[in-house]
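One structure below.
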Amino acid sequence: MLLNRFEYHLMNNPFRAALQRHVEARRLLRMGGPVSGGRALEIGCGRGVGAGIVLDRFGAETVDAFDLDHRMVRLARRRLARLGDRAHVWTGDASAIPVPDETYDAVFDFGIVHHMPRWRDALAEVWRVMKPGGRFYAEEVLRDVLAHPIIRRLFHHPEDDRFDRKDFLAGLEQAGFIPVASRETLRSMAWFVADKPPTY
C-alpha cells in the first residue's frame, strides 16, 4: 500500500532516519550480526536510508532496493547516487520481486511487511530470492498498534489478517525460514532474524 500524506511526511524526516540508524538497525545488528560482504536487498526502501545502513553498518558489498512509491524511489536514487554501482534502486512490489531465485545473501525489512494486505506472500518472495544460508532481518509494527483508533485515523494500513510477534514467526516458518531470534517491545514493535536453511 502507498503511504498517505501524513505517513509520507513522517517517514521523510531526520527523526525517522535517526530512529532507523540508532535503534532499529542497532538492535537487528546485535541480534543477527553483520552481513560481511555479499549482495543484499532492502524491500520497501523509502528514501534510501536503510539501504545506506545495510552497506555502512551491516557490511554488505552491494545492495538492491525497491519501493512501491515512485516518489520514494526518486529520493532513494538521489541519496544513494554517491555509491555508484554498489546500490541499485527500482520501483517494485515485495509480493513479486523481479529477480531470479537465490539471488541475495541477506534481505532487510525496516517496517514494510505490515503495509501489505497479503503479507505472507512477501515472506514467501523473500525466501525465494534468498540464497540458501541467507539471513532475513526484519523490524515490524504489530497488530495492537495498528488497531489503535488514533493510528487507524492517521495512517492507512490493511485491517484484515494483521500479525503479532507469534503470527509473524509462524509466517516465517511457513515460508521455510528458521527463526534465529526475535524481540518485542510493549506489544507494539518486534524485531526478527531468520535464516534460509543451507543446502548440503
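Looking at Val193, Val180, Val89, which is the one that is in a strand (DSSP E or B), β-branched (Val, Ile, Thr), out of contact with any Asp or Glu (no Cβ under 8 Å at 6 or more places or on another chain) and modelled with pLDDT of 95 or more?
It is Val193.
Please verify whether region 146-166 includes one or more residues that are within 29 Å of Gly59 (Cβ to Cβ) and in contact (Cβ under 8 Å) with a residue 12 or more places away in the chain. Give the derivation first.
Quick first cut of region 146-166, residues within 29 Å of Gly59 (Cβ to Cβ) only: 165.
Remaining after also requiring in contact (Cβ under 8 Å) with a residue 12 or more places away in the chain: 165.
Yes, some residue in region 146-166 is within 29 Å of Gly59 (Cβ to Cβ) and in contact (Cβ under 8 Å) with a residue 12 or more places away in the chain.
So which residues in region 132-161 are within 18 Å of Phe192 (Cα to Cα) and touching a strand residue (DSSP E or B) at 6+ places or on another chain (Cβ under 9 Å), if there are any at all?
Correct list: Gly133, Gly134, Arg135, Phe136, Tyr137, Ala138, Glu139, Glu140, Val141, Leu142, Val145.
Scan region 60-67 and tell me whether some residue there is without any contact (Cβ under 8 Å) to a residue 24 or more places away in the chain, more than 23 Å from Arg165 (Cα to Cα) and not in a loop (DSSP other than H, G, I, E, B).
no
Tally the residues that are within 16 Å of the chain's Cα centre (by Cα) and at pLDDT below 95, restricting the search to region 158-177.
1
Pairs needed: first member in region 28-43, in contact (Cβ under 8 Å) with a residue 24 or more places away in the chain; second member anywhere, charged (D, E, K, R) and in a loop (DSSP other than H, G, I, E, B); C-beta distance under 7 Å; at least 6 residues apart or different chains.
Leu29/Arg57; Gly37/Glu61; Gly38/Glu61; Arg39/Glu61
From the list Arg118, Arg143, Arg128, Arg47, which residue is farther than 23 Å from Arg162 by Cα and not hydroxyl-bearing (Ser, Thr, Tyr)?
Selected residue: Arg47, the only one of Arg118, Arg143, Arg128, Arg47 that is farther than 23 Å from Arg162 by Cα and not hydroxyl-bearing (Ser, Thr, Tyr).
Collect the residues in region 167-187 that are loosely packed, with under 14 Cβ neighbours inside 10 Å and either closer than 15 Å to Val141 by Cα or acidic (Asp, Glu) (or both), keeping them in residue-number order.
Listed by number, the residues that qualify are Glu173, Thr185, Leu186, Arg187.
Return yes or no: is Gly84 part of a strand (DSSP E or B) and over 27 Å from Arg152 (Cβ atoms)?
So Gly84 does not fit the description; no.
Determine which member of the set Thr199, Thr185, Thr103 is touching a Pro at 6+ places or on another chain (Cβ under 8 Å) and of a type in the set (Ser, Thr, Tyr).
Thr199
Rundown of residues vs (1) in a loop (DSSP other than H, G, I, E, B); (2) surrounded by 13 or more Cβ atoms within 10 Å (Cβ to Cβ), yes/no style:
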{"position": "Leu123", "(1), (2)": "no, yes"}
{"position": "Val126", "(1), (2)": "no, yes"}
{"position": "Ala138", "(1), (2)": "no, yes"}
{"position": "Glu159", "(1), (2)": "yes, no"}
{"position": "Phe163", "(1), (2)": "yes, yes"}
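The values are calculated or read from the model by the stated rules, or taken from the named source; none is laboratory data. No experiment lies behind these values; they were computed from the predicted model shown. Heads up, the Cβs are rebuilt from the backbone with ideal geometry, glycines too, and the neighbour counts pull from every protein chain shown.
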